[in-house]
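Notes for the one structure printed next.
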């Protein structure tokens, strides 16, 4: 879908250029560079990493507890009655299910808490970056700005049209 939109954009730009005979100015940014150098984004990523580490440590602790319980069960199963074996096996299965449930709740692709936190933490930063991109593009007289790291494939980019560092400078100065 994005390829078709890009192709349509190129056709429209070309026809606009031919009929209007006004120069077309297109720029691009590397949002990954911006997000790795912007202090607010660095802090947000650190907060997200800390949360991920906390939840991973909880999973590791739960897994260690399960492994210890299973090891104890293996040592004692020879002397246990069948009803006691079944009860312990059921407890082990429940512990495993709890671990998997916790993992899904926190890290499920697209719907886990980590993805929701990511959106919550980075939403104001992304809005600020988009605003800065818009301001720099208007100042530079650009009609279009592409993101080099996005889904739109950028096969060639002349560095003269790279406004990444202008956007980053604008963000750091707070303008």
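Quick notes on this one:
- Residue check for residue 161: farther than 30 Å from residue 46 by Cα, surrounded by 14 or more Cβ atoms within 10 Å (Cβ to Cβ) and in contact with a strand residue (DSSP E or B) (Cβ under 8 Å, 6 or more places away or on another chain): yes
- Checking each residue in region 71-103 for being surrounded by 11 or more Cβ atoms within 10 Å (Cβ to Cβ) and either over 30 Å from residue 114 (Cβ atoms) or modelled with pLDDT under 95 (or both) picks out 72, 73, 76, 77, 80, 84, 85, 86, 87, 88, 89.
- Residue match in region 110-133 (condition: over 19 Å from residue 48 (Cβ atoms), free of Cβ contacts under 8 Å to residues at least 24 places away in the same chain and surrounded by fewer than 17 Cβ atoms within 10 Å (Cβ to Cβ)): yes
- The single condition from (1) under 30 Å from residue 136 (Cβ atoms); (2) out of contact with any helix residue (DSSP H, G or I) (no Cβ under 6 Å at 6 or more places or on another chain) that residue 30 fails is (2).
- Region 134-153 - residue that is part of a helix (DSSP H, G or I) and crowded, with 17+ Cβ neighbours inside 10 Å and, of those, modelled with the lowest pLDDT: 137
- Taking the conditions (1) surrounded by fewer than 16 Cβ atoms within 10 Å (Cβ to Cβ); (2) modelled with pLDDT of 95 or more in turn, residue 20 satisfies each one other than (2).
- Residue 14 assigned to a helix (DSSP H, G or I), at pLDDT 90 or above and either closer than 30 Å to residue 143 by Cβ or touching a helix residue (DSSP H, G or I) at 6+ places or on another chain (Cβ under 9 Å) (or both): no
- Where residue 51 falls short, out of the listed (1) farther than 30 Å from residue 139 by Cα; (2) at pLDDT below 95: (2)
- The lone criterion from (1) surrounded by 12 or more Cβ atoms within 10 Å (Cβ to Cβ); (2) modelled with pLDDT under 95 left unmet by residue 66 is number (2).
The values are calculated or read from the model by the stated rules, or taken from the named source; none is laboratory data. What you see is a predicted model, and the numbers here were worked out from it, not measured in a lab. Quick reminder, even Gly has a Cβ in these numbers, built from the backbone with ideal geometry, and neighbours come from all protein chains shown.
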